[in-house]
Amino acid sequence: MKRLALALSLLVAAGPGSGSAADPSNKHYPVDRAPLAQSQFVMLPLGTVKPRGWLRDQLIVQANGLTGHLDEFWPSLAKTAWKGTEGGEAWERGPYYLDGLVPLAYLLDDPRLIEKVKPWMEWILSSGQPDGWFGPAKNRDRWPLAVAMKALTQYHEATNDPRVIPLLRNYFAWLKKNPPDWPDKEWRGVRAMENAVSAFWLYNRTGDAAILDVTDSIRKTCFNWAKYFLNFPYTTDVMKQGIKYGHPSHVVNIAMATKYPGLCFLQCHEDQHKNAVYQGIKSLDEHHGQVGGRFAGDEHLSGKRPTQGTELCGVVEYMFSLENLVAMFGDPDFADRLEMLAYNANPGACTADYWAHQYDQQANQVLCTVAKRKWSTNGNSSNLYGLEPNFGCCTSNMHQGWPKFVSHLWMATHDQGLVAVAYGPSEVKAKVADGATVTITEETNYPFDGAIRFRVKTDRPVAFPLHLRIPRWAEGARLEAGGKTVPTTAGTFAVVERTWKSGDVVNLILPMKLRTETRYNNAVSILRGPLVFSLKIGERYQKIKSYHDTLPAADYEVQPTTPWNYALMLDRANPEKAIRVKTGKIGKVPYEHDRAPVVLKVKGKAIPGWGLADNSAGETPVSPVVSDQPATDLELIPYGSTRLRITEFPVIAVAGSK
Ligand SMILES: [Zn+2]
């Protein structure tokens, strides 16, 4: 019997769409083919998951904002060599933009955006040279092609355009023929493993072993990120002595690279690569971690002070890395962090209308002006909300954040079911069990509220497992399906196994107990579910530059109109005793400052000695602190709803608190 099962599994190991009782992999979507290790979850093609409710509103804001108009006036896109303009930008900016525009267009089924995508794709798909190279003739650097491939694979998933796969195969044939060229001192070298994302996508759809020869060669000849993460060089002690800045200390490289040892693991199966992922993220938290799951890098790793910045590219690339990591390893902790980044740092670096963004965001951000700040190397405009503050990489790369997050809310599982990896109002229509199509609608105001209702629609009764992530913070989560309670454990996936029929409902209540995190200088941050809360500060915008006569593309300085130097009056072990939670409706512009759907009311006292230093909030006073000022009512709102904020607070000394 055992021998027969083995023979069967060998027979079917080769690929997608195959499968039998002996084949343990998903039958309906392209899985990792041998010799790649099997990822725990299977990413669904673009368009399988659709946004609903407030997440759809957020994507519409993005479509009406910069993503939907940037190519109309920003010279790097309006005159791009990636659409054939002679002398136009021929490097990363076109591909970066497409990597976000493509998923946004197809998630919203927005005809205007789909029309925008077409000329880019038509030009790129006809740019293939006989030797396999593609893109603008002027560009001979491999890096932007790695980005373009990520846009092309998404485009293929949405459209099935038959020209995509041959173009990608020809390019991998070119890479195989041309010697390894991944120098440690160049972007294409330190980011070389980004090619593996598209390479594995392509290999899993074609079975062309030559593609794996390329990724094998890349991982053996490019910068060794596994070694780097296993012996993380930029510890707090090392940073104190001063470091030489370079590619290995660059925030975006590192954010992308958190997934590289994972990609290596899929091919080499060596546990040390998997360990490197975990060790790397742990070290980044320990030495450069900021509240909300990001790490500081302005432009280079810059420690734990809450006034150090994180570049927006570093946020959206970390999100994409986590989307890949949760699929590879099936670890719900990666999804906990992904949600935190998506719902806090991602909107916090942008104006609510998605027309302006920052290069660097700060947890304690009390003044956004053109001025010198204690960044590692960034310039004086880095925390402005604008069109291209400091440098235009984020201007073109930011667009992938929201749409790719929505796309990866749901994934397929190898037991022919589905998994809700991250939560947000959405709908997934996918194949399960023996091929039945099921639609699951997720009704929720998450992360502003912890109640989630899943409604199931099928054309016939069908048995399949539904896996639901129980976040590590959601102790005591209540899960109920068909009138029965299903047990849950925080930090795992719960499974509901039953024969489903149309009209079935699953209710999940994730308790949103207030909790605190201890930060730099013993400061406290307040969290509720995946949301981080910040002091609501009065914001006065001053336009300092306009970029268009009719479109609202502009640079803004933001000045505080209310005090910010407060310490909170609470016991950090029992924050709910001191904080009152007020919830309301989510507006059509979800992250608007004045319409925050959740407001926390808490008392604090001013700390008169805590003022500006180097144009940022001065060093956070070490807690516990004393103040002779009167107690004041304060409001905290979601980090993403603030453009000025205090997020790491000193705490007033009271008997019994620490
Ligand atoms: Zn950037």
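Helices assigned as whole DSSP H runs in the chain whose Cα atoms extend at least 24 Å along their own long axis and whose mean Kyte-Doolittle hydropathy is 0.5 or higher are found at 312-329.
Among the listed pairs LYS457/LYS513; LYS484/LYS585; LYS404/LYS585; LYS304/LYS545; LYS582/LYS605; LYS404/LYS588, a Cα-Cα separation exceeding 23 Å is found for LYS457/LYS513; LYS484/LYS585; LYS404/LYS585; LYS304/LYS545. Would you be so kind as to identify which of LEU479, LEU535, GLN267 lies farthest towards the positive end of the dipole of the chain, taking Lys and Arg as +1 and Asp and Glu as -1 on Cβ and the Cα centre as origin? Ranked along the dipole, the leading option is LEU479.
Under the convention that each Lys and Arg Cβ holds +1 and each Asp and Glu Cβ holds -1, the size of the dipole of segment 361-469 around its Cα centre is about 300 debye.
Could you check the spin-label model distance between ALA209 and THR236? Points 7 Å from the Cα along Cα→Cβ, value in nm. Placing both labels 7 Å beyond Cα along the Cβ direction yields 5.1 nm. With a cut-off of at most 12 other beta carbons within 10 Å, and DSSP calling the residue loop, which trypsin sites (Lys or Arg not before Pro) in segment 163-210 qualify? Please list them. Answer by residue number: LYS185. Annotation: the antiparallel percentage among DSSP beta bridges lying fully within the chain is about 95. For GLU72 and THR561, the FRET efficiency from 1/(1 + (r/R0)^6), where r spans their Cβ atoms and R0 equals 30 Å, is about 0.35. For the pair ASP181 and ASP271, label points projected 7 Å from Cα toward Cβ lie 4.0 nm apart.
Dipole magnitude for segment 53-173: about 240 debye, using +1 per Lys or Arg Cβ and -1 per Asp or Glu Cβ, origin at the Cα centre. Taking 2.2 N^0.38 Å as the expected size of a compact globular protein, what ratio does the Cα radius of gyration of the chain give against it, to two decimals? Dividing the Cα Rg of the chain by 2.2 N^0.38 Å gives 0.94.
Modelled spin-label separation between VAL626 and LYS543, with each label point placed 7 Å from Cα along the Cα-to-Cβ direction: 5.1 nm. Going from the fewest other Cβ atoms within 10 Å to the most, the residues ARG140, ARG540, ARG56 appear in the order ARG140, ARG540, ARG56. Across the cross-link table entries LYS27/LYS150; LYS116/LYS150; LYS27/LYS118, which are compared at the Cα atoms, the separations over 21 Å belong to LYS27/LYS150; LYS27/LYS118.
Note on GLU86/VAL654: beta-carbon distance plugged into 1/(1 + (r/R0)^6) with R0 of 51 Å gives a FRET efficiency of 0.15. In vacuo Debye scattering of segment 371-491, one point per C-alpha: log10 I(q)/I(0) at q = 0.21 Å⁻¹? Log-scaled intensity ratios, in q order: -1.23.
Once you sort the root eigenvalues of the Cα gyration tensor of segment 239-305 as a ≥ b ≥ c, which label holds: rounded (a/c under 1.5), prolate (a/b larger than b/c) or oblate (the other case)? Here segment 239-305 falls in the prolate category.
Here LYS536 is the anchor, and the aspartates and glutamates within straight C-alpha reach of less than 14 Å, apart from those fewer than 8 places off in the same chain, are GLU592, ASP594, ASP633, GLU635, GLU648. FRET efficiency for the pair GLU443 and ALA37, taken as 1/(1 + (r/R0)^6) with r the Cβ-Cβ distance and R0 = 30 Å, rounds to 0.25. Magnitude of the charge dipole for segment 195-269, about its Cα centre and with charges confined to Cβ atoms of Lys, Arg (+1) and Asp, Glu (-1), is about 200 debye.
Only Cα sites of segment 123-234 enter the Debye sum here, all with the same form factor; the resulting log10 I(q)/I(0) across q = 0.09, 0.11, 0.18, 0.23 1/Å is -0.24, -0.35, -0.89, -1.38, listed in q order. Shape of segment 271-414 from its Cα gyration tensor (a ≥ b ≥ c, root eigenvalues): rounded if a/c is under 1.5, otherwise prolate when a/b > b/c, or oblate? Because a/c hits 1.5 or more and a/b fails to exceed b/c, segment 271-414 counts as oblate. Exceeding 26 Å between C-alpha atoms, which entries from my cross-link table qualify? They are LYS176/LYS429; LYS259/LYS374; LYS79/LYS220; LYS79/LYS138; LYS177/LYS220. Beyond 26 Å between Cα atoms: LYS176/LYS429; LYS259/LYS374; LYS79/LYS220. Mean sequence separation of contacting Cα pairs (under 8 Å, at least six apart), scaled by the length of segment 85-202, corresponds to a relative contact order of 28 percent.
Annotation: amide H-H contacts under 5 Å for GLY482 (H modelled 1.01 Å from N, sequence separation of 5 or more, or interchain): VAL505. Would you mind calculating the relative contact order of the chain from Cα pairs under 8 angstrom and at least 6 residues apart, reporting the percent as a whole number? Result for the chain is 13 percent. The residue list TRP375, PRO630, GLY189 was ranked by how far each Cα lies along the charge dipole of the chain toward its positive end, using unit charges on Cβ atoms, and PRO630 comes out on top. I'd like the GluC sites (Glu not before Pro) in segment 613-658 restricted to DSSP loop residues with at most 15 other Cβ atoms within 10 Å, sorted by number. Filter output for segment 613-658: GLU619. Across segment 445-596, C-alpha contacts under 8 Å between residues 6 or more apart give a mean separation that, scaled by the residue count, equals a relative contact order of 19 percent.
Throughout, read-outs are computed from the coordinates displayed, never taken from laboratory work. Just so it is clear, the model here is predicted, and its values are computed rather than measured. Note that we place each Cβ from the backbone using ideal geometry, even for glycine, and neighbour counts take in every protein chain shown.
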